[in-house]
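What follows is a short report on a single structure.
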Amino acid sequence: MAQSAYGQRLARSFRMRSPPTLTSHTQAGSTLALTELENDTPGFGFTAPQAIEDAYLIGLQMRALDRHELWLDGRAVKVTAIAEGSMHFYDLRRNPVAYIEDPFHPLFLYLPRPALSEIAEEVQTASTVELRYDAGVWIRDPVIGHLMSSLLPALRAQQATNALYVDQVLRALLVHLVEQYGGNRVAAPAPRGGLSPWRERRAKELMRERIEHGISLAELADACDLSVGAFSALFKRSTGITPHQWLLQSRVDRAIELMDDERQTLSEIALACGFADQAHFNRAFSARTGVSPGAWRANRAAAHK
């Protein structure tokens, strides 16, 4: 079976290799993916067709394009100018092909229709969702722009990024798309109470066990026999913070324990605790303790002299 339109397969349509890509999976197993493409050379020409599949691509344009064209089902579509920060929906059942003259830099969200239907059922709206949009018209959506852009540091991280964070951002994108473009504006019912004691204990145990490499929301929800949406809402109701925030705090606490061993460098500790890089470690540590890791270690060393 042909690979879906993200990562290497998407890059081949733009004559590129090894683009930064993040993937996640819904609880039912649908793949979501975010791919970054960038070309600084003008006169690119035509993109190669993608395989026909039951999915959308959502393109967020990180730079403006004045000269471009679009074909759907082999027919030219009237297009508007592409402003920096604007976005467009591409239905992969309609064989989209573009002609591009200007340098370009899009982020593409790969979104199978079953994933939209899964979220729609979870938040108690229609069982299937078709996104409503005008072909050839690029629009601004601050929510989509902010959420997709917030994943850029994770896309570019040299080390494995936090799966919980990626899951939560992509889930937020799905819910927004269903509410704003699926024909139904919905609100999930407020959860009553929080997680039962055994569920909260199990979720925290799993996150501690996977502190270095992370764990997905779907895995946590499955372990607690809940949907992803219910688990996320109930966990926050129980703890006051999201699963990602709880894991981040636990990573900082673990780092504090490891910092007593002066043989380990701060970079080694950051990686052992699951931080993407030293900068990510510094930000999280400072947010939780009020000082940098280096200052914390220096203060502890001075106190023990």
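Subtracting the Cα-Cα distance from 0.36 nm times the residue separation, let me have the gained length for Arg93 to Arg283 in nm, one decimal.
64.1 nm
Please label the shape of the range 248-303 as rounded, prolate or oblate, based on the square roots a ≥ b ≥ c of the eigenvalues of the alpha-carbon gyration tensor (a/c under 1.5 means rounded; beyond that, a/b larger than b/c means prolate, else oblate). Mind showing how you got there, number by number?
Working: a/c = 1.67, a/b = 1.24, b/c = 1.35.
Since a/c reaches 1.5 but b/c is at least a/b, the shape of the range 248-303 is classed as oblate.
Among Ala115, Ala135, Gly43, whose Cα lies farthest out toward the positive end of the dipole of the range 7-161, if unit charges sit on the beta carbon of Lys, Arg (+1) and Asp, Glu (-1)?
With unit charges placed on the Cβ atoms, the residue in question is Gly43.
For the range 210-264, which trypsin sites (Lys or Arg not before Pro) are both in a DSSP coil and crowded by at most 12 other Cβ atoms within 10 Å?
Arg263
Is there a quick way to get the dipole size of the chain? I mean about its Cα centre, with the Cβ of Lys and Arg at +1 and of Asp and Glu at -1; what is the value in debye to the nearest 20?
My answer is approximately 560 debye.
Mind jotting down the distance between the C-alpha centroids of the range 191-226 and the range 235-305, whole Å?
Answer, in whole Å: 21.
So if I place +1 on the C-beta of Lys and Arg and -1 on the C-beta of Asp and Glu, and nothing else carries charge, what would the dipole magnitude of the range 248-303 be about its Cα centre? I want it in debye, nearest 20.
On the way: 7 positive and 7 negative charges, 37 e Å.
In total the dipole reaches around 180 debye.
Does the range 197-240 come out rounded, prolate or oblate by the C-alpha gyration tensor, with a ≥ b ≥ c the root eigenvalues, rounded set by a/c under 1.5 and, if not, prolate when a/b is larger than b/c and oblate if not? All intermediate terms of the calculation are to be shown ahead of the outcome.
Working: a/c = 1.66, a/b = 1.37, b/c = 1.22.
Prolate.
Report, largest value first, the span of the C-alpha coordinates of the chain along each principal axis, in whole Å.
74, 46, 35 Å, listed from the longest principal axis down.
Express in nm, to one decimal, how much length is gained between Leu152 and Glu121 on full extension, taking 0.36 nm for each residue of separation and deducting their alpha carbon distance.
In short, 8.2 nm is gained.
All of the numbers you see were taken from the coordinates with simple rules; none came from a lab. This is a predicted model, so every value here is computed, not measured. Reconstructed Cβ throughout: ideal geometry from the backbone, glycine too, with neighbour counts over all protein chains shown.
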